[in-house]
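The values are calculated or read from the model by the stated rules, or taken from the named source; none is laboratory data. Small disclaimer: the values here were computed from a predicted structure and weren't measured. Using ideal geometry, Cβ is built from the backbone for each residue, glycine included, and neighbour counts are taken over all protein chains shown.
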Amino acid sequence: MKKSPQPQYIEQQDLIEFEDEGRSFQLHPDAFAAWKKMKDAARTKGINLYIVSAFRSFERQSEIIDQKREKGVSEEYIFKVSAPPGSSEHHTGKAVDINTKGFPALEDEFEKSEAFKWLSRNAKNFGFRLSYPRENIFGMIYEPWHWFYNGKTQKAASLDLAGAS
Ligand SMILES: [Zn+2]
């Protein structure tokens, strides 16, 4: 498959800091508001969602990549799992890596969780979409945990919210 170049982002300056399950994160205020609503809605269905990673600076992205290089991970693999600094959706403050209790963070297994099933049906109602599905045009690995807030909410009239799930 032809690889598409990744977009370049600017580092988000409009951020709010908050705690999720005892850890501190930053997101753009709109993304935070949407995240909170989504987490609460999931909870009413008995689904636990928590954040593993949210806003990341260019500097932090560089550190992550450097750490992988130091561990001897190949360049090719590094850039399949990590966007180069400037190209990570996490710079926008609108991307979240999500996990649920009982699953290892940032692993494919997440797709087998009830949380992932719920997100697949309902995240769009809160303006979130999966950025890196299988065989994505960016040549990134499949990331069932990585969701991006683009603000395009489908109306709550959708069947998903009406209780089908
Ligand atoms: Zn991510």
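Rundown of residues vs (1) surrounded by 16 or more Cβ atoms within 10 Å (Cβ to Cβ); (2) in a loop (DSSP other than H, G, I, E, B), yes/no style:
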residue	(1), (2)
Lys37	no, no
Ala42	yes, no
Ile51	yes, no
Phe55	yes, yes
Ser62	no, no
Ile65	yes, no
Glu76	no, no
Lys80	no, no
Taking the condition under 26 Å from Pro29 (Cβ atoms), in contact with an Asp or Glu (Cβ under 8 Å, 6 or more places away or on another chain) and of a type outside the set (Lys, Arg), does Asn122 pass? yes
Of the listed residues (Phe55, Phe110), the one being aromatic (Phe, Trp, Tyr), under 23 Å from Ile16 (Cα atoms) and within 15 Å of the ligand (Cβ to nearest atom) is Phe55
Residues of the stretch 124-134 being within 23 Å of Ile10 (Cα to Cα) and either more than 14 Å from the ligand (Cβ to nearest atom) or free of Cβ contacts under 8 Å to residues at least 24 places away in the same chain (or both), in sequence order, are Gly127, Arg129, Leu130, Tyr132
If we keep only residues of the stretch 73-90 that are more than 14 Å from the ligand (Cβ to nearest atom) and among the β-branched types (Val, Ile, Thr), then the residue nearest to the chain's Cα centre (by Cα) is Ile78
### Query
Would you call Gly93 within 13 Å of the chain's Cα centre (by Cα), buried (at least 20 other Cβ atoms within 10 Å of the Cβ), more than 15 Å from the ligand (Cβ to nearest atom) and modelled with pLDDT of 95 or more?
no
- prompt: Does Arg121 qualify as being within 16 Å of the ligand (Cβ to nearest atom) and surrounded by fewer than 16 Cβ atoms within 10 Å (Cβ to Cβ)?
  reply: no
Subset of the stretch 105-123, residues without any contact (Cβ under 8 Å) to a residue 60 or more places away in the chain and out of contact with any helix residue (DSSP H, G or I) (no Cβ under 8 Å at 6 or more places or on another chain), comes to Ala105, Leu106, Glu107, Asp108, Glu109, Glu111, Lys112, Ser113, Lys117, Ser120
With the first residue restricted to the stretch 9-38 and required to be on the phi > 0 side of the Ramachandran plot, and the second required to be β-branched (Val, Ile, Thr) and surrounded by 12 or more Cβ atoms within 10 Å (Cβ to Cβ), Cβ contacts under 9 Å at 6 or more apart or on different chains are Glu21/Ile51
### Message
Condition first: under 21 Å from Lys152 (Cβ atoms) and part of a helix (DSSP H, G or I). Can you find one or more residues in the stretch 11-29 that meet it?
### Response
yes
The lone condition Pro104 fails out of (1) out of contact with any Asp or Glu (no Cβ under 6 Å at 6 or more places or on another chain); (2) under 24 Å from Pro7 (Cβ atoms) is (2)
| said: With the structure loaded, tell me whether Ile137 is in contact (Cβ under 8 Å) with a residue 24 or more places away in the chain, touching a Ser or Thr at 6+ places or on another chain (Cβ under 8 Å) and aliphatic (A, V, I, L, M) or whether it fails that test. | reply: yes
Q. Would you say Pro144 is part of a loop (DSSP other than H, G, I, E, B), at pLDDT 95 or above and within 15 Å of the ligand (Cβ to nearest atom)?
A. yes
